[in-house]
Amino acid sequence: MMKAPVILAMLASCLVATPASASATASAAGQASEAARPALEVLSSRPDQVSGGDALIRVHGDAKIRVLRNGEDVTAAFTRTGKSRTGLVTGLRIGENTITAVAGHHRTSIRLRNHPIEGPIFSGPHQYPFLCKTERSGLGPPVADNQDGQGMRVEGGWSKDCFAPTVTDRLYRSTDGTFKPMPAERPADMATTTLPDGRTVDFVVKRERGVINRFLYSIAMLEDGWTGRAVYRFDGGVAIGHDQGTIGGGALDAYQLGQGYAIMYSSGTRTNTHYNLILGGETALMVKERFIERYGPPLYTVGVGASGGAIQQYIYAQNHGTRIIDAAIPQYSYPDMVTQTIHVGDCELLERYMDAHPRWAKWDDRTALIGMNASDTVANPYTGKPGSDECVNGWRGLTPLTMNPLWTSNNDPEWERMDPPGVKDTVQWTHWDDLRTVYGVDEHGYARSTWDNVGVQYGFKALRDGVLTPEEFLDLNARVGSWKEAKDMVQEGCPFVPSVCPADFDPWSARNAHQGDPAPRRTGDPAAIRNVLRSGLVFGGDIDIPVIDWRHYLEEELDMHNAHQSFAARKRMLNHDGQAGNQVVWFTDARPDGPEFDQTPEALKVIDQWMANIRRHPSRGVIGNKPPKAVDRCFATDGTEIAAGPHVWDGVLDHRAPGACTKRFPLYGTSRTVAGGPIEGGVFKCRLQPVERAIAKGLYGSWKPTAEQRARLKQIFPTGVCDYR
């Protein structure tokens, strides 16, 4: 029989040990409890940016799980794969919704905010009037959505928002190179395609078309051969909105479909529909959401598109990360559109001046002022004679399109079906008004404009280089002028209004420019500048996805896609965080007879390798996963490589000796780089310095202005000259 002290000691020992073991038990139980708690994930969009009443949801967890939508059981919509379940939850109401996963006594909820399929989500109020184009796109007439006499006349009323039901069809690629409707039986002219895995399949495409965010969309892929990869195809052009647009040929790109890519497309991500890239980004997100809801998340999505389609890739990757595209192939790129207005707005002012002065009769000389290429031999489309420059061949017509609220190139006959009658004439047809929700509206009811040339010294570098005499420099800057305010503009003349041709010839839009000696300069609206800089429409260099920036070299054709813009984008990336290794620049020669070889298929293959590396080694990041061919390169007209590597573009953004590609492909600038501005552009309004300070600092090089010349400079620039340093 144990003695009492021994028993008490044993009990004490047990009591001392109990807290530790209890804690361990509680911890284990807590961990088990947390492991049993289900987790919710929205795959198709951000939870607060759901559209169209449905969302693809994934529930993570081992236990038996029920899923509720606003308290109603929707578990039947979910299919189990491994330790997760995925399902398309439909029937979401407009506004707030709650999805709840229940496992035993554990509950996890996530809030969704659902928006109408016609939008908007974050782009702001819809733009009206809005021209419907569902009929010509094969979707039938738009659905009547009002009885108020607003919009396009249709059976049963009027359509303001241009909705049409979704259409699905099957197409096949014919051996004659066209797509045709798929018949019930396999046609004799059926083409085949060989996929990356070596399989050869019939070239049959399944396609879905409809209306999302008021724009037409298309999703297409091989019926038997989708590889899980996707392309979002962006298109370029220039337009001022108020139009649903149409679906372009890129929606059925034969190479991309034939290689097993799915293609997403929208008329709302074509800049020849509109240039509101806040709205465009929203539209792309909604189309991508639709794709994921139908087919699940793709392995990756690569953007492909030229000009405005390239701009969209830079802007959307900056603003939305990888939610739209995971990699980019911008072609014929610019960093953005809104900062192109700065120097393009100079073009006709300078052309009018040069056309009036015999000094500039030799076209080759005009590069000294416009910065862009000029040629004595390239045909001028307005004179029919040799001699032109990029301002004329590339940009003429963009000034009235951007600046003049009274002129539009949108003369679609369908406007006659729009009510109330004459509604087209109520639109202020300017780039500024297309983005009035960004730029803002002035006290006269017109959209604010960023365009500014106060203090800009046109031809400054030409003066320093001895190409311009001081007298020529002073006369140019005294007479170049500026643009009138929107409220003071009048209708354009010939060639923009054909009915007044040929007598009223005014390709310079001189009637809408300030003239004189000295002619007034224009001050950009400070609110407009502030608004656009914080809007996301300016590419600031914040992009962290693989980028292959490719273009044909078209400088000798005086094409508007000036080659230095690829490096303007790179410089902005370097300015942002000192890194640009995720962007590689490829040029393919187009001399002497124009483009012959398309480097896009090779770029797609390199992107595919790059993305595979990222999946295998995510910790290495984008730059650390570059495959061997993801380097700066340049190619001959037939597509053969000339040079590749980290130094082929030396001399463009640094002071090294020119690299092999730099030597082969001369770059030009803009009127603002000639005026002393940076290669990356983007200076809406320069910092000013007094004329006397500029002279004292030696700004004008060897030119030492006389007292009379100083007085003239002060007369031209009463508030000072630009200090870009």
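The values are calculated or read from the model by the stated rules, or taken from the named source; none is laboratory data. Keep in mind that this is a model prediction, so the values were computed, not measured. So basically every Cβ, Gly included, is an ideal-geometry build from the backbone, and we count neighbours across all protein chains shown. All accessible areas refer to the heavy atoms of the entire protein, side chains included, with ligands and DNA or RNA removed. Shrake-Rupley method; radii C 1.70, N 1.55, O 1.52, S 1.80 Å.
Per-structure values
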| quantity | calculated |
| --- | --- |
| Order of exposure, largest accessible area first, which applies to SER333, SER535 with probe 1.4 Å | SER535, SER333 |
| Probe 1.4 Å, accessible area per residue of the chain, Å² | 41 Å² |
| Inter-label distance for ARG417 and VAL631, nm, one decimal - labels placed 7 Å from Cα along Cα-to-Cβ | 5.6 nm |
| Calculated FRET efficiency for the pair HIS126/GLU155, C-beta based, R₀ 22 Å, to 0.05 | 0.45 |
| Spin-label zone in the stretch 506-534 - amide nitrogen under 11 Å from a point set 7 Å from the Cα of ASP355 along the C-beta vector | 506-511 |
| With Cα atoms, 0 to 90° folded angle of helix 470-479 axis to the chain main axis | 70 degrees |
| Ordering of 659-672, 639-652 by packing [mean C-beta count within 10 Å, highest first] | 659-672, 639-652 |
| Test item: Cα-centred dipole of the chain, Lys/Arg +1 and Asp/Glu -1 on Cβ, debye | 2780 debye |
| Descending principal axes extents, the stretch 250-403, alpha-carbon based, whole Å | 64, 31, 21 |
| Gain upon complete extension [GLU556, VAL497; 0.36 nm per residue less C-alpha separation] | 18.3 nm |
| Anchor LYS704: lysines whose Cα lies under 19 Å away (excluding residues fewer than 8 positions away in-chain) | LYS461, LYS714 |
| Whole-Å distance, taken between Cα centres, linking the stretch 201-250 and the stretch 707-723 | 55 Å |
| Degrees separating the helix 707-716 axis from the principal Cα axis of the chain, which is the longest one | 50 degrees |
| Cα→Cβ-extended label distance, 7 Å offset, between SER535 and GLU641, nm | 4.2 nm |
| Stretchable slack from GLN609 to ARG656, in nm (0.36 nm times residue separation minus alpha-carbon distance) | 13.8 nm |
| Structure-derived Rg and Dmax of the Cα atoms in Å - corresponding label in (i) 30.6, 129; (ii) 26.4, 84; (iii) 28.0, 101 | (i) |
| Cα-based equivalent ellipsoid, the stretch 350-415: semi-axes from gyration tensor eigenvalues, Å | 27, 13, 10 |
| Surface share of carbon and sulfur [accessible, 1.4 angstrom probe, percent] for the stretch 383-425 | 54 percent |
| Beta bridge orientation in the stretch 282-402: antiparallel %, DSSP, nearest 5 | 40 percent |
| By accessible area with a 1.4 Å probe, ligands and nucleic acids excluded, highest first: order of THR86, THR178, THR523 | THR523, THR178, THR86 |
| Fraction of beta bridges assigned by DSSP in the chain that are antiparallel (%, nearest 5) | 70 percent |
| Segments 424-433, 683-692 sorted - mean Cβ within 10 Å per residue, highest first | 424-433, 683-692 |
| With every protein chain in place, the stretch 635-717: carbon and sulfur % of accessible area (1.4 Å) | 53 percent |
| ARG111 paired with ARG294, simple spin-label distance in nm, labels 7 Å along Cα-to-beta-carbon | 3.2 nm |
| Total formal charge among the other residues, if their Cβ is under 11 angstrom from that of THR637, Lys/Arg +1 and Asp/Glu -1 | -3 |
| Carbon + sulfur, % of accessible area of the stretch 439-530 - ligands and nucleic acids excluded, 1.4 Å | 53 percent |
| The chain: relative contact order in percent, alpha carbon pairs under 8 Å with at least 6 residues between | 10 percent |
| The stretch 427-488 - Kirkwood radius from inverse mean 1/r over Cα pairs (Å) | 14.0 Å |
| Under 14 Å, Cβ to Cβ, from GLY157 - net charge with Lys/Arg +1 and Asp/Glu -1 | -2 |
| The chain: angle of helix 308-320 to the longest principal axis, Cα-based, in degrees nearest 10 | 50 degrees |
| Burial ranking of peptide ranges 355-366, 439-450 (average Cβ count within 10 Å, highest at the top) | 439-450, 355-366 |
